[in-house]
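Worksheet for the structure shown next.
FYI, it's all coordinate maths here, none of it is from the lab. What you are looking at is a predicted structure, and each value in this text was computed from that prediction instead of being measured. Cβ sites come from the backbone with ideal geometry, for glycine too, and all protein chains shown count toward neighbours.
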Amino acid sequence: MSDLYNKTVLITGASYGIGAATARAFGRRRAHVILLARTQPALEQVARDIRVSGGVASVYPVDLTDERAVADVAGQVLAATGPPDILLSNAGAGRWLFINETTPEEAVAMMAMPYFAAFYITRAFLPAMRARGSGHLAYVNSPASLVVWPGAAAYTAARWALRGFVESVRAELHGTRLRVTTIIPGLVATTYFEHNPGVLERVPGLARRLLPVLTADQAAITIVRGIERGKREIVLPGMLRLLYALHAIAPGAVQYLTILTGARQGG
Ligand SMILES: NC(=O)c1ccc[n+]([C@@H]2O[C@H](COP(=O)([O-])OP(=O)(O)OC[C@H]3O[C@@H](n4cnc5c(N)ncnc54)[C@H](OP(=O)(O)O)[C@@H]3O)[C@@H](O)[C@H]2O)c1
């Protein structure tokens with residue numbers, strides 16, 4: 001029997017893309033998957049797929065940028081199932097825009113999702129997870145949390161905020177039995193590029209030339225395996241891991257290449 005049998009796994013952004021595929025992958029391992037996002041029909045479809053494959057699924061529609069709504073849903077989940085064994089903060093959005101293209105409202109929205117969403121969901125469940133003395137928190141971030149490229153300023157700032165938050169969660173949980181994992185996907189073929197138009201066109205040439213595009217199912221398999229093994233960091237695919245290793249040795253060189261092969265704005 002899988003180590004995930006009967007484990008509760010709460011996934012944000014489980015209606016589409018990486019979150020939906022990862023939810024199905026946990027479901028196939030007979031976990032009880034708790035699905036959060038805004039679009040109820042899409043969540044219900046993922047829940048049906050999970051039940052067909054032998055897993056258990058519960059659906060909680062919620063706008064994760066609404067702190068009160070998150071607290072309400074957390075109360076319902078805690079009453080129904082208790083604290084999750086695994087909390088996967090995956091929901092994300094954000095267009096890649098030059099600074100002069102970014103309205104202040106959109107910059108604020110990009111901080112709300114994913115950074116504040118991750119903060120709210122963590123804050124809502126962490127006390128119960130700590131009280132129980134076990135659990136696993138995992139966060140999907142972006143390569144933009146490490147390197148910078150032109151034309152994605154507010155997006156990048158939000159990913160750096162998320163990275164700082166996740167490292168702080170890790171620091172606060174040092175010495176406890178709670179684990180923390182950061183997940184950094186490269187390019188994954190999902191609805192992200194429909195939901196956030198213009199992003200694909202601004203992927204730096206370095207990434208376009210070197211990184212194979214994964215399917216959401218491929219990403220999900222790596223994510224589930226990495227979480228199961230308690231990895232501190234899951235970077236996918238292998239080529240992105242190589243770029244990460246190169247960045248650790250020569251950060252300036254990798255940074256130079258992403259800027260050199262990134263989008264340009266006239267003037
Ligand atoms: N695809 C890639 O190449 C790639 C690369 C690096 C990192 N990532 C990261 O991977 C994560 C998943 O992205 P994806 O590619 O699967 O994108 P996606 O297909 O657009 O899915 C995004 C998910 O987030 C949810 N979401 C967005 N805003 C929300 C809100 N306010 N409240 C609740 N849920 C919300 C969406 O659900 P609703 O619309 O139903 O609310 C959806 O389930 C994101 O954090 C993204 O930044 C993706």
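Observations on the structure shown:
- A crude spin-label estimate for the pair ILE249 and ILE99, with each label 7 Å from Cα along the Cβ direction, gives 3.4 nm.
- The chain, relative contact order in percent, only Cα pairs under 8 angstrom and at least six apart counted: 19
- For the pair the stretch 16-43 / the stretch 97-144, the C-alpha centres are spaced 18 Å from each other.
- Each residue of the stretch 192-209 is assigned a 3J(HN,Hα), and the resulting list reads 3, 6, 7, 5, 10, x, x, 5, 4, 5, 10, 5, x, x, 3, 6, 5, 7 Hz, derived from the Karplus form 6.51 cos²θ - 1.76 cosθ + 1.60 (θ = phi - 60°), x at Gly and Pro.
- A Förster radius of 41 Å combined with the Cβ-Cβ distance from VAL213 to HIS174 puts the calculated FRET efficiency at roughly 0.70.
- Ordering of 29-35, 157-163 by packing is 29-35, 157-163, highest average first (other Cβ atoms within 10 Å, averaged per residue).
- Distance from the alpha carbon centroid of the stretch 49-73 to that of the stretch 151-186 works out to 22 angstrom.
- Förster-model FRET efficiency, 25 Å R0, GLN265 and THR191, C-beta, rounded to 0.05: 0.40
- As a length-normalised measure over Cα pairs under 8 Å and 6 or more apart, the relative contact order of the stretch 109-267 settles at 28 percent.
- Environment charge of TYR139, counting only residues whose C-beta is closer than 13 Å and scoring Lys/Arg +1, Asp/Glu -1: +4
- Prolate/oblate/rounded call for the chain, Cα gyration tensor, a/c under 1.5 rounded: prolate
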